[in-house]
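Peer 1: Below are the structure tokens for one structure; questions will follow.
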Amino acid sequence: MNRGLLRSVTIVCLCAFGLFLSVATAGPSDSDPAEEPMIGVLLLDGVFSGTITTETGSLLLNWREGRVVLSSPQFFVATEETLKIGDRLFRGSVRIRAQSGPMQIGQRHHEGWVEWIPDRGLGGWKMGERLLLERYLIGVVSKEMSASSFPAAALEAQAIAARTFAYFQYLTSGDSRRYHLYGDTRSQAYGGTARVPQEVIDAVARTRGMVLLTDGQIFESYYHSTCGGKTCSASVGFGIGDVETMQSVSCDGCKDSRFSNWQKVIDPSVIRQALEQICEGKGVQVGQVQKLIPVDRTESGHVPYVRVVHSKGSFEVDTQRLRIALSSSGENLRSAAFEIIPIEDGFLFAGRGWGHGVGMCQVGARGYALRGANRTWILQHYYPGVQIEQLWSSSGSGSSGPPAEIPRGGLR
């Protein structure tokens, strides 16, 4: 997604939003809707390194010219031109897996093959994994929600929302593409498919093939950690204005969360550094930051832009870009729903929620599930008017069953 950097006020003349490259909705399938797709997950790209381990002690390395069994652990280094695994050097595609049992790379635990493919265009390598969508989902749900503290209904709602998001990316990027999603929060958090709690496996199995539709179309079913009382519409958060199921809704399921309300003091020099990062290459000089003023605050309390008044002029910056730039400086602005209060030591951000605020509030889903809501009630609350449809059926391990009923009388 490409969102604008600055909005013209006095000295800057840039596009307000830029181009939004993502498609809002897509047909459920261009081919047989009953076939579970194979998903490609991009785990790392560019130049990187890491360690591969397995408790079984043996790794199976496979490449075009050969195959060999290696002891564990093995260290790898991907440079612009070559990939080194242990004492072997490669320039072409390579894949590795544990000879038996799971394999660990970084924080992820994998059951199958992980591959490296040279990226001749950009330099470096792409490290990824290809697996069936339902198997991929257990690695997503287990990272997005804690099985020990989130009830089954919340896990099931998460599975359906994550499946919908992943299937949308698959449909819009094309089944011939090697990778459809990132293995991190640029798409969905993914921790691999090994060592997954049984509660997560069961939640994915019970919802097998179920996706969310709006007017019969798949859409990008965004979700986030905590809304703090009211979610943000997709039109405000991402510039998507025509998806009825992605409107702002009230939520009291997350009211007891410690992230429902928060405060953060940020030094003006840190804000200036973040702004300089955003303005790099744009011909904009950033002076001493004097004022920060929320612009176009929405009914949900989210701030799409912040007006920056500095010693060399003023401009408006996209709040999401500001959050990203601040995070690279080690400052975490948890959401775009905040007030800005000037204080002696800098600027006090008094905010609520954690994340972009669009779609399902995960902590809110937990709160509602603890009160007795099922997956259907939760999903229809956060995605008003949504339909749940099963696109592919169960295949041997567990039954997905019919969609759960909405609790009579709803919740208050």
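Peer 1: Take the alpha carbon gyration tensor of region 262-351, find the square roots of its eigenvalues, order them as a ≥ b ≥ c, and report rounded if a/c is under 1.5; if not, report prolate when a/b exceeds b/c, else oblate.
Peer 2: On the way: a/c = 1.44, a/b = 1.32, b/c = 1.09.
Here region 262-351 falls in the rounded category.
Peer 1: At 222 nm, what value in deg cm²/dmol follows for the chain if DSSP H runs of at least 4 each add -39500 (n - 2.57) and the sum is divided by all its residues, to the nearest 500?
Peer 2: It comes out at -6000 deg cm²/dmol, rounded to the nearest 500.
Peer 1: Further question on the same structure: What percentages, rounded to whole numbers, describe P(r) for the chain computed over all alpha carbon pairs with 10 Å bin width beginning at zero?
Peer 2: 5, 20, 27, 25, 18, 5, 0
Peer 1: On a 32 Å Cα-Cα criterion, which of the cross-link pairs 143/230; 126/255; 126/291; 84/264; 264/312; 230/291 come out too long?
Peer 2: Pairs exceeding 32 Å: 126/255; 126/291; 84/264.
Peer 1: Within region 227-254, which residues have the backbone N less than 13 Å from the label spot 7 Å out from residue 297 along Cα→beta-carbon, could you tell me?
Peer 2: none
Peer 1: Beyond 16 Å, how much of the Cα-Cα pair distribution for region 218-261 remains, as a whole percent?
Peer 2: 38 percent
Peer 1: Given H placed on each backbone N at 1.01 Å, which residues far from residue 240 in sequence or on other chains put an amide H within less than 5 Å of it?
Peer 2: 235
Peer 1: On to the next question. Once you treat every alpha carbon in region 295-391 as an equal point and sum by Debye, what is log10 I(q)/I(0) at q = 0.16, 0.20, 0.21 Å⁻¹?
Peer 2: Evaluating at q = 0.16, 0.20, 0.21 Å⁻¹ gives log10 I(q)/I(0) of -0.82, -1.06, -1.12.
Peer 1: Return the whole-Å distance between the Cα centroid of region 347-390 and the Cα centroid of region 268-331.
Peer 2: Using only Cα atoms, the two centres lie 29 Å from each other.
Peer 1: For residue 79, which sequence-distant residues (separation of 5 or more, or a different chain) have an amide H within less than 5 Å of its own amide H, given hydrogens modelled in the peptide plane?
Peer 2: Long-range HN contacts for residue 79: 84.
Peer 1: Which of rounded, prolate, oblate describes region 67-223, given a ≥ b ≥ c as roots of the alpha-carbon gyration tensor eigenvalues and a/c under 1.5 marking rounded, otherwise prolate only if a/b is larger than b/c?
Peer 2: Oblate, because a/c is 1.5 or more while a/b does not exceed b/c.
Peer 1: Summing +1 for each Lys or Arg and -1 for each Asp or Glu, what net charge is found among the other residues whose Cβ lies under 13 Å from the Cβ of residue 101?
Peer 2: Spelling it out: positives minus negatives among the neighbours equals 0.
Peer 1: Which FRET efficiency, nearest 0.05, do residue 132 and residue 69 yield, Cβ-Cβ r, R0 22 Å?
Peer 2: Numbers: r = 26 Å, r/R0 = 1.20.
In this case the efficiency is close to 0.25.
Peer 1: Turning to a different aspect of this structure: Once amide H atoms are built 1.01 Å from N in the peptide plane, which residues 5 or more positions from residue 251, or in another chain, come under 5 Å H to H?
Peer 2: When sequence neighbours closer than 5 places are left aside, the close amide H contacts are 229, 230, 231.
Peer 1: Using the Karplus equation 6.51 cos²θ - 1.76 cosθ + 1.60 (θ = phi - 60°), what ³J(HN,Hα) coupling, rounded to whole Hz, does each residue of region 186-191 give in order, writing x for Gly and Pro?
Peer 2: Residue by residue, region 186-191 yields 5, 10, 9, 4, 9, x Hz.
Peer 1: Quick check: the distance between the Cα centres of region 59-76 and region 148-201, to the nearest angstrom?
Peer 2: Using only Cα atoms, the two centres lie 29 Å from each other.
Read-outs throughout are calculated quantities, based only on the coordinates presented, and are distinct from any laboratory measurement. Not measured: the values here are computed from a predicted model. When we count neighbours, we look across all protein chains shown, and the Cβ atoms used for this are built from the backbone with ideal geometry, even at glycine.
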